[in-house]
Amino acid sequence: MASKIGMEVRTHLMDLGVHRWKAVDDTIKAPILQRLTDKFDLQGNPTHVGKIVARQCGRTLSSFTYGLHKNYQKLKDARGEEYAKNNPPSYVKPEQWTSLIEKKWSVKKWQLRSKINQKNMFDFLPFFGTILLLLFALFTNPKTSISLIYVTFVDKKRTTDKAKHRCKHRCGSKSLPIRVAATMKGILDVVPALAVVYKSTHFNPDTNERVTPESEIIHDKMEHLEAEQNSQDGAIPMTQEELSIKVFGPRSGYVTGLGMRPSSSSRSIVGLGNNITYVTEMEQKVQWQAEQI
């Protein structure tokens, strides 16, 4: 049945650029399900049968497109991007190949998600390997202490978590506070833009890439929040400390991303929005009462 599902997906799904099987149009999914049901005489609740078949179709689609992407990368590295686009494998139709390139592989958001997924997979491998070794030790030697396994398991998890949360940057030997202080001296003690500082410490000019996929998301969020605030009529520009809190969250005694202590005005920024709203409502209420009088 698995081979039949694979043939159905590869043959009848022309738009392989869909992100998941659920996004496939019902006019395509329904005939596939009907042909599979007729071929294998699937018994049971039709709803449950449909879910099982859909799950298998989704896995087949994911596996098929994964293999095609590896093929595309090999062609691209060996012969160039243009050659890879115009020379699909013999077992895939040109329109299927084009839909994958245009709707998935060339989309920046998909590329970023792919890098993050690869990183998460490699982060998990050492942890998974430790579990297998401990289970093998328990199987080969039943007298292996359960407490020893637990301690080793927890220690490995802590090490993995610590490595995962370690922040990668390009500050080098010069710490972030010294960097920011030197910049402030050059511009009359004005706090530098958080987005500029963040980019200077998380962008590699040699490779023309961010140090991590997450750093690009964070930098884009900074620019989006500032642009959104400044686009409002009569809006007061957001301070860099306020922006830091919105992006990274509040941190006691420290402005994340700028390496400096918060000013007295920013220590209550978290509740500032609510206070402004309250004051505005009170002013409107007083003005309304005055008009009534």
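The values are calculated or read from the model by the stated rules, or taken from the named source; none is laboratory data. In this text the structure is predicted, and so the values were computed from the model without any measurement. Cβ atoms come from the backbone with ideal geometry, glycine included; neighbour counts cover every protein chain shown. Accessible surface areas use protein heavy atoms only, side chains included; no ligands, DNA or RNA. Shrake-Rupley method; radii C 1.70, N 1.55, O 1.52, S 1.80 Å.
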### Query
Scanning for something open to solvent by less than 60 Å² (accessible area, probe 1.4 Å), assigned by the TED database to the domain that holds GLU95 and under 24 Å from SER90 (Cα atoms), does the range 45-59 turn up at least one residue?
yes
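Restricting to the range 68-95, what's the tally of residues that are open to solvent by less than 30 Å² (accessible area, probe 1.4 Å) and without any contact (Cβ under 8 Å) to a residue 12 or more places away in the chain? If you could, list the steps in order and put the result at the bottom.
Start the filter on the range 68-95 by keeping residues that are open to solvent by less than 30 Å² (accessible area, probe 1.4 Å), which leaves 68, 72, 80, 84, 89, 92.
Restricting the remaining residues to those that are without any contact (Cβ under 8 Å) to a residue 12 or more places away in the chain gives 80.
Here the count works out to 1.
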### Residues within the range 20-38 that are acidic (Asp, Glu) and either in contact with a Pro (Cβ under 8 Å, 6 or more places away or on another chain) or open to solvent by less than 60 Å² (accessible area, probe 1.4 Å) (or both), tallied
0
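Please tell me if ILE149 is farther than 21 Å from MET260 by Cα, outside any loop (DSSP other than H, G, I, E, B) and at pLDDT 70 or above.
Spelling it out, it is not the case that ILE149 is farther than 21 Å from MET260 by Cα, outside any loop (DSSP other than H, G, I, E, B) and at pLDDT 70 or above.
So in the range 67-109, with the set limited to residues that are part of a helix (DSSP H, G or I) and of a type in the set (A, V, I, L, M), which one is farthest from the chain's Cα centre (by Cα)?
The initial filter retains those residues of the range 67-109 that are part of a helix (DSSP H, G or I), namely 67-79, 81-86, 94-105, 108-109.
Now drop any that are not of a type in the set (A, V, I, L, M), which leaves 68, 75, 78, 84, 100-101.
Details: LEU68: 22, LEU75: 27, ALA78: 29, ALA84: 27, LEU100: 20, ILE101: 20 Å.
Filtering first and then ranking leaves ALA78.
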### Task
Search the range 15-44 for residues that are within 24 Å of TRP97 (Cβ to Cβ) and pair each with any residue that is among the small types (Gly, Ala, Ser) when their beta-carbon atoms are under 7 Å apart and the residues are at least 6 apart or on different chains.
ASP15/SER99; LEU16/SER99; GLY17/SER99; ARG20/GLY58; TRP21/ALA54; TRP21/GLY58
### Task
Could you give me the residue pairs with C-beta distances under 9 Å whose first residue belongs to the range 229-247 and is in contact (Cβ under 8 Å) with a residue 40 or more places away in the chain, whose second residue is open to solvent by 70 Å² or more (accessible area, probe 1.4 Å) and basic (Lys, Arg) wherever it lies, and which are 6+ apart or on separate chains?
SER244/ARG251; VAL247/LYS221
## Note on the structure
Scanning the range 8-19 residue by residue, those open to solvent by less than 90 Å² (accessible area, probe 1.4 Å) and either aliphatic (A, V, I, L, M) or not in a helix (DSSP H, G or I) (or both) turn out to be VAL9, LEU13, MET14, ASP15, LEU16, GLY17, VAL18
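Are any residues in the range 229-239 assigned to a helix (DSSP H, G or I) and open to solvent by 60 Å² or more (accessible area, probe 1.4 Å), and if so, which ones? Write out each step before concluding.
Narrowing the range 229-239 to residues assigned to a helix (DSSP H, G or I): 229-230.
ASN230, the sole residue that qualifies.
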### Summary
Expected single match for among the acidic types (Asp, Glu), in a helix (DSSP H, G or I) and modelled with pLDDT under 80 among GLU281, GLU242, GLU214, GLU226 is GLU281
